[in-house]
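Below you'll find the structure, written out as structure tokens, and then a few comments.
The values are calculated or read from the model by the stated rules, or taken from the named source; none is laboratory data. Values in this document were obtained by computation on a predicted structure and should not be read as measured data. Note that each Cβ is placed from the backbone with ideal geometry, even for glycine, and that neighbours are counted across all protein chains shown. Ligands, DNA and RNA are stripped out before the accessible areas are found, and what is left, the full protein with its side chains, is counted by its heavy atoms. Shrake-Rupley method; radii C 1.70, N 1.55, O 1.52, S 1.80 Å.
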Amino acid sequence: MTEVIDLRSDTVTKPTAEMRKAMAAAEVGDDVYGEDPTVRKLEQIAAEKIGKEAALFVPSGTMGNQVAAMTHLQRGEEVIVEAESHIFYYEVGGLALLAGAQARTIPGRKGFMEPELITAAIRPDDLHFPRTGLLCLENTHNRAGGAVLTAEQTRLMAKAAQEQGIPVHLDGARIFNAAIALGTDVRVLTAPVDSVMFCLSKGLGAPVGSILAGTNEFIRKARKNRKVLGGGLRQAGILAAAGIVALEQMVDRLAEDHAHARFLAEELANIPGLTIDPAAFPTNILICSVAKLGISAARFSALLAQHGVLANPVSATELRFVTHKDVTKAQIKTAISIVNQIVKAINQF
Ligand code: TLP
């Protein structure tokens, strides 16, 4: 059987042996009653690590973002989002469906929205206009190829909203990747925002779960919104136990995923017919164009899959490769030689 090298996403990572041990041994209780000691412990550790007063364990990043939107926004308000952001692009229209909000997209460059554009998008008080109720940021930025926002960029964007009394939510699904890439404490990156969501799954390797963090008051309201979405879990300590291991043991090793991504990008850049600028991808997500080969990204992805390499198309001509703890350097080398083989075959026609 061909070995499968799964570069579709860091969401495919499996729990470590340590996680499974911690899950099996976890002390549990009914978390809807606030009685699960392991969930409580995770929420405390997470709040401390991310630099906010309180934290809430949620089943997924999507739920974390949507609970944040529901908690910050009133129905009929407008939320400013970057045009390619996950919360707008990949969350099934949840902003409209769940928060009852209208999304106002503004363009970004690698996830950074010019503060003047944010200011200009904020609605003045007028009978005709919705009220602007929230600004959302994303770090690292998924569709921008794992692009990193610095603390200063975050501060500048947040300030544009906050100086007009508008709160700021950060989709920090991969915020620890950003912190590792910048060599900074993650709290520096989250300090400017009012709420932040980050994932324990993805690069950190937990099987399930994300964290939403903010003030005590915000999290108290968010807990109720999590409940209405069906996210009030019972003996969730089984899952939270893996999250604790993720936070305590899996953050620093993200550097290895970044090094693997860099290596992969440099090798792909040497293959004629592929277009990728290795310097543009500082973390674990790469975007590579196959346009020059005259083949669609979907077709290229299907050819790769026939050889056991999985990578998702993200546009008509671009593929995304994501490195993570469950792909080794040797597997990356194998993936590169398979890509080479496929490109050579296409170039022969
Ligand atoms: N991203 C997934 C897909 O949904 C595209 C992936 O494979 O990258 N924010 C960001 C920035 C994300 O990248 C994701 C997941 C989420 C939120 C949602 O997290 P989950 O999958 O836990 O709901």
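About its Cα centre, region 17-249 has a charge dipole of approximately 340 debye under the convention of +1 per Lys or Arg Cβ and -1 per Asp or Glu Cβ, with nothing else charged. Think of region 17-249 as having a plus end and a minus end, set by charges on the Cβ of Lys, Arg, Asp and Glu; of T190, S60, L233, L233 sits farthest toward the positive end of this dipole. If one takes the longest principal axis of the Cα atoms in the chain, at what angle in degrees, from 0 to 90 and to the nearest 10, does the Cα axis of helix 329-347 lie? It is inclined by approximately 60 degrees. Farthest toward the positive end of the dipole of the chain, out of V81, V4, V28, is the Cα of V4, where the dipole comes from beta carbon charges about the Cα centre.
Counting only residues at least eight positions apart within a chain, or on another chain, the aspartates and glutamates with an alpha carbon under 17 Å from that of K344 are E267.
Share of region 17-249's accessible area from carbon and sulfur, percent, 1.4 Å?
About 52 percent, which is the carbon plus sulfur part of the accessible surface.
Taking the C-alpha atoms only, the angle from helix 61-72 to the longest principal axis of the chain is near 30 degrees. Could you tell me which of A259, A178, L319 has its Cα farthest along the dipole of the chain towards the positive end, charges placed at Cβ (Lys, Arg +1; Asp, Glu -1), taken about the Cα centre? Highest projection toward the positive end goes to L319.
For region 32-130, trypsin sites (Lys or Arg not before Pro) are listed when DSSP marks them as loop and at most 14 other Cβ atoms sit within 10 Å of their Cβ; the list is R75. At a probe radius of 1.4 angstrom, the accessible area of the chain per residue rounds to 42 square angstrom. Counting only residues at least eight positions apart within a chain, or on another chain, the lysines with an alpha carbon under 19 Å from that of K221 are K52.
Taking every Cα-Cα distance in the chain and sorting them into 20 Å bins from zero, the calculated P(r) comes out as 31, 55, 14, 0 percent. For the chain, adding -39500 (n - 2.57) for each run of n ≥ 4 DSSP H residues and dividing by the number of residues yields -12500 deg cm²/dmol at 222 nm.
Each Lys and Arg adds +1 at its Cβ and each Asp and Glu adds -1 at its Cβ; summed about the Cα centre, region 54-122 shows a dipole of about 100 debye.
Within the listed set A103, A147, A291, the residue fluctuating most in the Gaussian network model of the chain (springs between alpha-carbon atoms under 10 angstrom) is A291.
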